Amino acid sequence: MGLRKERPFAWPVSVSGPGARGGRLSHSIAVTAQLTSKPSSTRRSGPGRTTGQPKRSPASRTSATRKGSRSEPPHDALMREVLLQFRIVVRAIRRHYRRVEVACGISGAQLWALAHVESTPGVRVGELARELAIHQSTASNMLDKLESAGLMERRRTDTDQRVVRLFVTTKGKRVLRRAPRPLRGVLQQGLIDLSTPALTALQRQLGQLVRQMEVRDADPKGTLLENVIENDS
């Protein structure tokens, strides 16, 4: 709609001063008032409502959208973060096993077995296998190597010759003293340091991951962790 122009109008104004003879000189000064209507700075945001906020440019809206997306990463970004965490764990295990082999000349699992027997002298083979989460036959094969290296010995009790108990030798104790910590392994120690609720939640989530991957490993106790983790960089 166009702007309407008002006609000039005159206001009678009385002016007095030195130029006025014998009194007042009254005259009219024509004052022209031009009434114009300026566009409103407000914009209508809905029926019967206005707002004084300026409209944001497309660039500012795009910037705000990007900030929101960074605060809440998408699902595939979360997957990559978890994948990186798995890599960190695996590399830490490899480094620890290499340090054990260099310092002690035995594997990480053998060091764990040696440390457990040293902390519980006279432990049985079955109890050791349960501690290491392996089969008793796997534990026996490991003990054969430790015994051949002179680090551990088997003893039969006088009351029952069928019962075999395990003991660490003096040489084995020297190996333990120079062995890198933690003796049971970095992964095992990290897991045992978790709180019970955290460890329970982790066990449940990893179980869900194993089912999602459709992994069918019928005998996980038959393989040592050091054989699962390849000892290469």
(request) Give me Rg over Rh for segment 97-233, both radii from the alpha carbons and Rh done the Kirkwood way, two decimal places. (result) 1.01
(message) In segment 75-183, if the dipole is taken from +1 on Lys/Arg beta carbons and -1 on Asp/Glu beta carbons about the Cα centre, which of Gly122, His75, Gly172 is farthest to the positive end?
(response) Gly172
(message) Suppose every Lys and Arg Cβ carries +1 and every Asp and Glu Cβ carries -1, with no other charges. What dipole size does segment 89-233 come out with about its Cα centre, to the nearest 20 debye?
(response) 440 debye
(request) Which order do the peptides 76-84, 159-167, 186-194 take when ranked by the mean count of other beta-carbon atoms within 10 Å per residue, highest first? (result) 186-194, 159-167, 76-84
(message) Using amide H atoms built in the peptide plane, which far-off residues or other-chain residues are under 5 Å from Met152 H to H?
(response) Glu147, Thr169
(message) Can you give the local net charge around Lys173? Use residues other than it whose beta-carbon is closer than 13 angstrom to its beta-carbon, Lys and Arg +1, Asp and Glu -1.
(response) +2
(message) Please give me the summed charge of the neighbours of Gly190: other residues whose Cβ is under 14 Å from its Cβ, Lys and Arg +1, Asp and Glu -1.
(response) +3
(request) Counting other Cβ atoms within 10 Å, keep those with at most 13, restrict to DSSP loop, and tell me which GluC sites (Glu not before Pro) in segment 174-233 are left. (result) Glu214, Glu230
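Read the figures in this text as sums done on the coordinates, not as results from a lab. All values reported here derive from a predicted model rather than from experimental measurement. Don't worry about glycine lacking a Cβ; one is built from the backbone with ideal geometry, like all the others, and counts go over all protein chains shown.
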